[in-house]
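Each value in this text was obtained by applying a stated rule to the coordinates, not by laboratory testing. What you are looking at is a predicted structure, and each value in this text was computed from that prediction instead of being measured.
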Amino acid sequence: MSELIVYQYPKCGTCRNAVKWLDSAGHQLDLRNIFEAPPSKTELAAVIDLSGLELKKFFNTSGEVYKEMGLKDKLAEMSREEQIALLASNGRLIKRPIVTDGKKVTVGFKEEMFGQEWGNH
């Protein structure tokens, strides 16, 4: 199995479930705590581009910081660069976990999606 980079927060239940799932599937994991060391703007831009997802999918829209900053209304007026800089500035804004093998990316954890993307093919 491949080595996967997992951007996650160890105290997050969803992240723990995702890590457990990936472990049991036999993947080697490079776990990165996004609260202690958020990914850089360059890392985020690469992962976002690779994912093919729209940028707003990378925001933790149910998080306190997102709500406190009133980002629901502000994001649409921000440039891509500004949004990525914002994500890189505070790991609490990033939807988690983000998993990548350098070829594909998943955001969040749903067992069915993980089975399709990270299961034994």
Practice task
Only helical DSSP H runs with n ≥ 4 go in: add -39500 (n - 2.57) per run for the chain, normalise by residue count and round the 222 nm mean residue ellipticity to 500 deg cm²/dmol.
Solution key: -11500 deg cm²/dmol
Fill in the blank from the handout: Long-range share for the chain, i.e. C-alpha pairs more than 24 Å apart as a percent of all pairs, stands at 23
Exercise for the section: For region 1-47 and region 87-106, compute the distance between their C-alpha centroids and round to whole Å. Expected result: 8
Practice task
Give me the percent of DSSP beta bridges within region 3-118 that run antiparallel, rounded to the nearest 5.
Solution key: 55
Problem - Relative contact order (percent, whole number), the chain, Cα cutoff 8 Å, 6+ residue spacing - result: 35
